[in-house]
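Undergrad: For reference, the structure I am asking about is given below.
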Amino acid sequence: MNPSPHLPPWWHVMLPHSDIRTARQINEAIFAADLGQVVRGTAPADYLDPLRFYTGTFLSEGLLSLLSDVLRQLAGEQAGNRIIQIETPFGGGKTHTLIALYHLCQHPASLTARPEIQKLLRQAGLSSIPDTTIAVSFGTDQSAIEPTHYPDGTRAYTLWGQIAWQLGGAAGYARVQASDTQRIAPGADAIRALLEGGPAKLILIDELVNYIVAAAGITVGSTTLKDQTIAFLQQLTQAVAQTPRSVLLLTIPGSQTELYGEAARDMQYEMFRAAGQVSDIMGRVQTVRTPVQGDDIYEVLRRRLLEPPTDAAEKDRRREQATQVARAYVALYRSIPGDMPQEVQDEAYVERMVRAYPFHPDVVRILYERWGTLPDFQRTRGVLRILGLVLAERFASNQHDPLILPAHFNLAPGPLRNELVRIGQDPAYTSVLDSDVAGSNSKAVAIDESTGRELARFQPAVRIATTIFLWSFSGGSGETRGASEAQIRLGVLTPDMPPALIGSTINELRRRLWYLHEEADTYRFENRANLNRVLVQKEESVTAAQARTHVEDAVKARAKRSPPPESRVYLFPRASDDVPDQPLLGIVLLHPDQAAPAGERLDTLPALVQQLLLKHGERPRQHRNALIVLVPDTDLVTAAERSARRLLALQNAANDTNLNIPDHQRQELRRMLREAETNFPQEVARIYRSVVVPAAQDVGGMQRVDLGARASIRGEAFWDDALEALESREAYLRQLDPVLLDENYFGIWPTGTDVVSTQRLWESFIQFPHVPLLAGREVLLRSIAAGCERSVLGYAVGDSTGPLSADTARFGPHNQHIKVEIAATTWVATAAYARAHFLPQVDPVRTIVPERLTSKAIWPATAPQRRRLNDIWQALVQESAPRPIAGLEVLQAALHEAFAAEAVQVEVDGQLVQDLSSVPMRSEADLARIELVRPEQKPISRPRYLSIKMRESIDAANISQVLTGVIVPLRQQGATIRLRLEFDVQNPGGIDPTLIELNVRETFKQLGIEVTLDSEA
C-alpha cells in the first residue's frame, strides 16, 4: 500500500545500484576508498576503473576548485602554496580526493573527453592534463620494518626511499639510497633533485599517521624512525615549496575520533599526538582544502548508492519529483508549526530535502552528527554501508514510501541491526531492541497490533521507537543523547498519517517500554532498565495471594461505612446461616472469590446467592424479602487485584533504599504511587457490579440487576449505587405512596376486609418476594401517616381483634395527634371504611358549586394554568373538613356544570375531550388521569400614566404609610413619581424662625426646589 498515493515511491524515481538491488553482501569495504588498493590494482571496480570512479563521484565546488588548482600548479600556471592538507567537516572523503587526483593524472587519456573533466580544464584554463609523475604513500598497509620491493629489484626501507623510486626509478632511488638504508632523513638538496626537471611531480600521502606511530618503535641511532620521518616531512615540504610544478597532498586525521576503529586502543593517544606533530610541520607552509562540505554530502551519497540519471531530461524529472515530495512533507510540517523544529519552516528546508532525496535530511544528520562521533564508526564508508542496507531492505520488501525516514530503518534481527549494535559497542542493545523496538515479540509491535487495522498500518509505535533508538547514540562529549518530540515527529510523520497519533503513541511507549528513558524533554534508549522494568520486577515479586489479601482488606475497610438506617451489612458469608433470618433489611457482600461474570443471567451466579435468599441453614428463610446480595464481577475483581499488585509494587519500590534510579525517575515513582493510591480504592469500589434481590418463584425466585461498567462510583459505600439502581426499577422503596396501599396494589391486603393490622402489613413486605423491598419500617410508618393526612388511609389503635372506636382512630384532620406505630394491635383501614367509621357523625357535603373548582382556595392564582383533578379533590376534602364529601359523585356533578359553563377544559391522558359522559371518575386513580385547564385570561391593560389627587389632607404622622404603601411599590416597578406638596403648619406655641430658615428653607434649597413661605403671627 502506498502511504501517500499522490506521491511516487522513491524507487520509481531513482533505483539503487545493481549490487544493492540484488541484495549482494553489502560490506563496508565496498565503500572504503583505499589508495593503496587502487595503485596495486586490487580495488573494487568502482574505485579501480577511472571512468566508473568519476561516474560515481560528485564533483562538488570544493573538489572542482581543488582539482583545478592542482592541475594549474602542475602545469606551472599558478603560483601559491603547493603543500595541501585535505580535511572534511564530517570525516571521510579525504582518500577519495587523492584517488580522484591519482586517476586524473595517471589516466588522462581515458578521462579527458568526459564532460566534467572538460569543465574542470576550462575552469583551470588548460587544454589538457599536464604530464605528471606520481608518487603515492599509504600508511595503512605500509610496513615500517619490512622493505618495499620494486620490479627492478630495488628495496626501499623508508618513506623517502619509496617516494624517490616512484619519482625517478632506480636513478632517483640512488640519490637517497644511503639515507634510506640507514633510515636517516635526506637533506633538502637531494629531495629537490628528485622534484626538478622532467614531468610535473605529484606526491600523494594518505593515512601517514598510522605509519609514523609504527615507526616510533624502530631505533635509529639515538632517535627513532618516527623522528627521522618527521624530519623528512619538514625537508619535503620545504623542497616542494621551492620547486615549481611539484605538489604535495596529504591527509591527516581531523580529530581523535577519526583515529578510532581497528587501531588498538592503546595506540590512539600516540596516533593523535603524531598527527599533531605532522600538522605543526605542515602548518608552516601548507594550505588546508575542504573538497566536500555542507550539503555536498547528499550528492556524494546519492552518487555512490543510486543509479545515475541517463540524460539531462531524466535528471530534471528526478528533481521535479523530488521537489513534489519535499513540498508535500514541508506542507505537513507547516500545518503543525508548534510541534515541529523551527528549521522546517524556512523555505531553504525544501531545497535541503530535494538535495537529500530519497533520504530525509535527518537520516543523514543522525548518522553523521550522532553515530559519526562513535569510536567504531568510519563516517562516510559507515554511512554508505548503513544506507546501503536500508535501501536494500526497503527495495526488496517493495515498500512504497515517498521518502526514506529514520523511522524506516528495520531494526528487526538482520544485517542492519547487527551493524548498528556493533558500532554501538554494546551487545546488550540486542536485548533492548528485542524487548522494546523491533522483532515479533517486541512491545512496540504489540502496541501497534492493539491499535486496530486503520492505525496499525502506520506502525506508529515501531517507527517512533526506531527513530528514538537512532537518536540515542553519540560519541560527542556534552551532547544530549536522545530525540525531542519535534525530532520524533520529523523522523516519523508522513503526509497521510494523523499527527495526533505521535503524541498518544509516545505516551503508550512511555508507559510500557522497559529501556526507554526520558530526560530534559528528550527520549532515548539505554541498556539499563527504566522504571517500567523495575516495576515489572517488583510486580512479579508480589504474589497472587498478597494481591488478593490487599483487595479483601480494602473491601473490609470500605464495608465499615455506616449502612442505611434500619439495615445491617453482612460481610463474606460462606453459608446461609451466616446471615440471620430477621425482620431487618440485610445487605450481603459476597467475598471476591464468589465472583460472577457481568450480565443479568441467574445461572452464572454462585450457588451461595440462592441459598442465602431461600434458606437459613436447613430451614426455609422466613423473612425472604429482607435481603440484598451484592455479587463481585469476575473481571473487576481481576482488575482490582492487578491494581493492588501495582500499588504494592510501587510501595516496595518507593521503600527500596537500594534502588538506583535518577532523580527525575524517583519523582515519577512518587507521582505513580500517588496515582495508584487514588486508583486502587476506585477499582475496589467498582467490583460489586451485580445486585440480587428476591423475586417471585415464577421468574426464578431472584432478580439480578447489572449496574454496568461504571467509570466512577457516585456513592460512598458499596451499596449506594446498588440501592439507587433497585429504586429506579421500583424494586426498593424509600417512599411508599399510601394510595398503593388503599388500592391493594401489591396484593397483600387480606381479601374481603377493610382493615389490616400494621404488623401483618409490615410482615407481608418483608416476607413476600413479589413486592418491593422497603428501606425499613419507617417507610411504612410514613406512608400510613401520609395516608391519614390525605384521607387516603385510616389508622386506629385497638386490640388483637380490630379497631376500638373513633376516639382512637385517625383520618384526615381527625385526631392528627395520634402517632402511627407498627404492632399487632394497631390497624390500617381503607379510606371508605375510615370515612364511615373513624369520623364524628356530621352531615356530608352533597353539593359543590362549580365556581369552587377554580376558586383561589382550591386553585391558587400562582398555580399553573392546568391542574390534576385528584389534586383539586384533595384540596376540596381538606377545605370541607371536618365534614366529609359524600363521594366522588359530588365532584363529578360540579365538574359537569363547570365544563358546560366553559369555565374549564378537560384532558384525559393528555387528550382534550369534548364529552364528559365517557370520562370515568370512580376512583382517585381515575382522577389522576384527568387534568383541568383554565381558559386563557385576557391580560389587564397597564396604564402608562397615573395621577393621584388627595381630596383630604392627612396628618404628617401618616406620611410614612404613603411612602411605603404608594411611593415605594410604584418606584420598584420603575415608575417616576413627581409630588406637589402643600403644607399647613400650626403650632399654638409659635414656630422658631431659626428652624424655618435653617431647616425648612435650607432643606428645600438643597433639593433645588423654590418654595414660598407665608407665616402669620
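The values are calculated or read from the model by the stated rules, or taken from the named source; none is laboratory data. On a predicted model such as this, the values are computed, not experimentally measured, just so you know. Here the Cβ positions follow ideal geometry from the backbone for every residue, glycine too, while neighbour counts run over all protein chains shown.
Undergrad: Does residue 463 satisfy being part of a helix (DSSP H, G or I), touching a helix residue (DSSP H, G or I) at 6+ places or on another chain (Cβ under 7 Å) and at pLDDT 95 or above?
TA: It is true that residue 463 is part of a helix (DSSP H, G or I), touching a helix residue (DSSP H, G or I) at 6+ places or on another chain (Cβ under 7 Å) and at pLDDT 95 or above.
Undergrad: Within segment 153-176, count every residue that is surrounded by 19 or more Cβ atoms within 10 Å (Cβ to Cβ) and either closer than 24 Å to residue 223 by Cβ or touching a strand residue (DSSP E or B) at 6+ places or on another chain (Cβ under 6 Å) (or both).
TA: Adding up the residues that qualify gives 15.
Undergrad: Additional query: Among the residues of segment 392-411, count how many are closer than 23 Å to residue 488 by Cβ and buried (at least 18 other Cβ atoms within 10 Å of the Cβ).
TA: Of the residues in segment 392-411, 13 are closer than 23 Å to residue 488 by Cβ and buried (at least 18 other Cβ atoms within 10 Å of the Cβ).
Undergrad: Another question about this same structure. Report the residue count in segment 315-331 for those that are surrounded by 14 or more Cβ atoms within 10 Å (Cβ to Cβ) and either more than 42 Å from the chain's Cα centre (by Cα) or aliphatic (A, V, I, L, M) (or both).
TA: Counting residues in segment 315-331 that are surrounded by 14 or more Cβ atoms within 10 Å (Cβ to Cβ) and either more than 42 Å from the chain's Cα centre (by Cα) or aliphatic (A, V, I, L, M) (or both) gives 5.
Undergrad: Considering only segment 77-112, state which residues are of a type in the set (A, V, I, L, M, F, W, C) and at pLDDT below 90.
TA: Scanning segment 77-112 gives 79, 83, 84, 86, 90.
Undergrad: Within segment 454-483, take every residue that is farther than 24 Å from residue 431 by Cα and touching a residue at least 12 places away in the same chain (Cβ under 8 Å) and give me the one that is farthest from the chain's Cα centre (by Cα).
TA: Checking each candidate, the answer is 476.
Undergrad: Let me ask something additional. Which one is nearest to residue 533 (Cα to Cα) among residues in segment 605-651 that are small (Gly, Ala, Ser) and assigned to a helix (DSSP H, G or I)?
TA: My answer is 649.
Undergrad: Just a yes or no: is a residue in segment 209-219 surrounded by fewer than 18 Cβ atoms within 10 Å (Cβ to Cβ), β-branched (Val, Ile, Thr) and free of Cβ contacts under 8 Å to residues at least 12 places away in the same chain?
TA: Yes - at least one qualifying residue is present in segment 209-219.
Undergrad: Here's another thing I want to ask about it. Show me the helices (runs of 4 or more DSSP H) entirely contained within segment 261-337 in which 2 or more residues are at pLDDT 90 or above.
TA: Where helices (runs of 4 or more DSSP H) fall fully within segment 261-337 and carry at least 2 residues being at pLDDT 90 or above, they are 312-335.
Undergrad: Then there is this: Residue check, residue 470 against (1) farther than 18 Å from residue 364 by Cβ; (2) surrounded by 19 or more Cβ atoms within 10 Å (Cβ to Cβ); (3) aliphatic (A, V, I, L, M), all met but one. Which one?
TA: Checking residue 470 against (1) farther than 18 Å from residue 364 by Cβ; (2) surrounded by 19 or more Cβ atoms within 10 Å (Cβ to Cβ); (3) aliphatic (A, V, I, L, M), the one that fails is (1).
Undergrad: Can I ask one more? Could you list all residues from segment 779-807 that are more than 28 Å from residue 870 (Cα to Cα) and β-branched (Val, Ile, Thr)?
TA: 797, 801
Undergrad: Going residue by residue through segment 791-811, is there one that turns out to be within 30 Å of residue 906 (Cβ to Cβ), loosely packed, with under 15 Cβ neighbours inside 10 Å and either at pLDDT 85 or above or not aliphatic (A, V, I, L, M) (or both)?
TA: For segment 791-811, residues within 30 Å of residue 906 (Cβ to Cβ), loosely packed, with under 15 Cβ neighbours inside 10 Å and either at pLDDT 85 or above or not aliphatic (A, V, I, L, M) (or both): absent.
Undergrad: If you scan segment 812-830, which residues turn out to be outside any strand (DSSP E or B), of a type in the set (Gly, Ala, Ser) and at pLDDT 90 or above?
TA: Answer for segment 812-830, where residues must be outside any strand (DSSP E or B), of a type in the set (Gly, Ala, Ser) and at pLDDT 90 or above: 823, 824.
Undergrad: Of 481, 489, 510, which residue is assigned to a loop (DSSP other than H, G, I, E, B) and either surrounded by 23 or more Cβ atoms within 10 Å (Cβ to Cβ) or touching a strand residue (DSSP E or B) at 6+ places or on another chain (Cβ under 8 Å) (or both)?
TA: Criteria check complete, one pass: 481.
Undergrad: Looking for whichever is surrounded by 16 or more Cβ atoms within 10 Å (Cβ to Cβ), under 29 Å from residue 713 (Cα atoms) and within 27 Å of the chain's Cα centre (by Cα) here; the options are 669, 630. Which one fits?
TA: So the residue among 669, 630 that is surrounded by 16 or more Cβ atoms within 10 Å (Cβ to Cβ), under 29 Å from residue 713 (Cα atoms) and within 27 Å of the chain's Cα centre (by Cα) is 669.
Undergrad: Also, I was wondering about something else. If the Cβ limit is 8 Å and pairs must be 6+ apart or interchain, which residue in segment 846-864 that is touching a residue at least 60 places away in the same chain (Cβ under 8 Å) pairs with which residue that is surrounded by 12 or more Cβ atoms within 10 Å (Cβ to Cβ) and part of a loop (DSSP other than H, G, I, E, B)?
TA: Every condition considered, the pairs that remain are 853/859; 853/903; 853/904; 854/903; 854/904; 854/934; 859/934.
Undergrad: Moving to a separate point now. Is there a residue in segment 134-143 that is loosely packed, with under 14 Cβ neighbours inside 10 Å and either in contact with a Ser or Thr (Cβ under 9 Å, 6 or more places away or on another chain) or within 21 Å of residue 247 (Cβ to Cβ) (or both)?
TA: Checking segment 134-143: not a single residue is loosely packed, with under 14 Cβ neighbours inside 10 Å and either in contact with a Ser or Thr (Cβ under 9 Å, 6 or more places away or on another chain) or within 21 Å of residue 247 (Cβ to Cβ) (or both).
Undergrad: If you don't mind, there's one more thing I want to ask. What about residue 537, is it assigned to a helix (DSSP H, G or I) and at pLDDT 95 or above?
TA: no
Undergrad: Here's a follow-up. Residues 778, 743: which one is surrounded by fewer than 17 Cβ atoms within 10 Å (Cβ to Cβ), touching a residue at least 60 places away in the same chain (Cβ under 8 Å) and either touching an Asp or Glu at 6+ places or on another chain (Cβ under 6 Å) or within 28 Å of residue 888 (Cα to Cα) (or both)?
TA: None of the other options fit; the residue is 743.
Undergrad: Is it the case that some residue within segment 743-755 is among the aliphatic types (A, V, I, L, M), at pLDDT 90 or above, assigned by TED's automatic domain parsing to the domain that holds residue 833 and out of contact with any Gly (no Cβ under 8 Å at 6 or more places or on another chain)?
TA: Yes, some residue in segment 743-755 is among the aliphatic types (A, V, I, L, M), at pLDDT 90 or above, assigned by TED's automatic domain parsing to the domain that holds residue 833 and out of contact with any Gly (no Cβ under 8 Å at 6 or more places or on another chain).
Undergrad: From the list 948, 959, which residue is at pLDDT below 85, aliphatic (A, V, I, L, M) and not in a loop (DSSP other than H, G, I, E, B)?
TA: The match here is 959.
Undergrad: Considering segment 643-665 alone, what residues qualify as being at pLDDT 90 or above and surrounded by 15 or more Cβ atoms within 10 Å (Cβ to Cβ)?
TA: Once the filter is applied, which keeps residues that are at pLDDT 90 or above and surrounded by 15 or more Cβ atoms within 10 Å (Cβ to Cβ), segment 643-665 yields 643, 644, 645, 646, 647, 648, 649, 650, 651, 652, 653.
Undergrad: In addition: Anything in segment 598-617 that is charged (D, E, K, R) and either surrounded by fewer than 14 Cβ atoms within 10 Å (Cβ to Cβ) or within 40 Å of the chain's Cα centre (by Cα) (or both)? List them, or say none.
TA: Within segment 598-617, 600, 601, 603 meet the criteria.
Undergrad: In segment 710-739, what count of residues is obtained for those that are surrounded by fewer than 19 Cβ atoms within 10 Å (Cβ to Cβ) and without any contact (Cβ under 8 Å) to a residue 24 or more places away in the chain?
TA: 7
Undergrad: How many of the residues in segment 402-419 are within 19 Å of residue 471 (Cβ to Cβ), in contact (Cβ under 8 Å) with a residue 60 or more places away in the chain and not in a loop (DSSP other than H, G, I, E, B)?
TA: 3
Undergrad: Something else: Condition first: small (Gly, Ala, Ser) and within 20 Å of residue 833 (Cα to Cα). Now tell me which residues in segment 881-938 satisfy that.
TA: 881, 886, 887, 923, 925
Undergrad: If I filter segment 332-353 for residues that are farther than 24 Å from residue 318 by Cβ, surrounded by 22 or more Cβ atoms within 10 Å (Cβ to Cβ) and of a type in the set (D, E, K, R), do I get at least one hit?
TA: Scanning segment 332-353, I find no residue that is farther than 24 Å from residue 318 by Cβ, surrounded by 22 or more Cβ atoms within 10 Å (Cβ to Cβ) and of a type in the set (D, E, K, R), so the answer is no.
Undergrad: Taking residue 621 and the conditions (1) among the basic types (Lys, Arg); (2) surrounded by fewer than 19 Cβ atoms within 10 Å (Cβ to Cβ); (3) farther than 30 Å from residue 538 by Cβ, which numbered condition does it fall short on, given that it satisfies the others?
TA: Against the list (1) among the basic types (Lys, Arg); (2) surrounded by fewer than 19 Cβ atoms within 10 Å (Cβ to Cβ); (3) farther than 30 Å from residue 538 by Cβ, residue 621 comes up short only on (2).
Undergrad: How many residues does segment 542-567 hold that are over 45 Å from the mean Cα position of the chain (by Cα) and either without any contact (Cβ under 8 Å) to a residue 24 or more places away in the chain or buried (at least 16 other Cβ atoms within 10 Å of the Cβ) (or both)?
TA: 1
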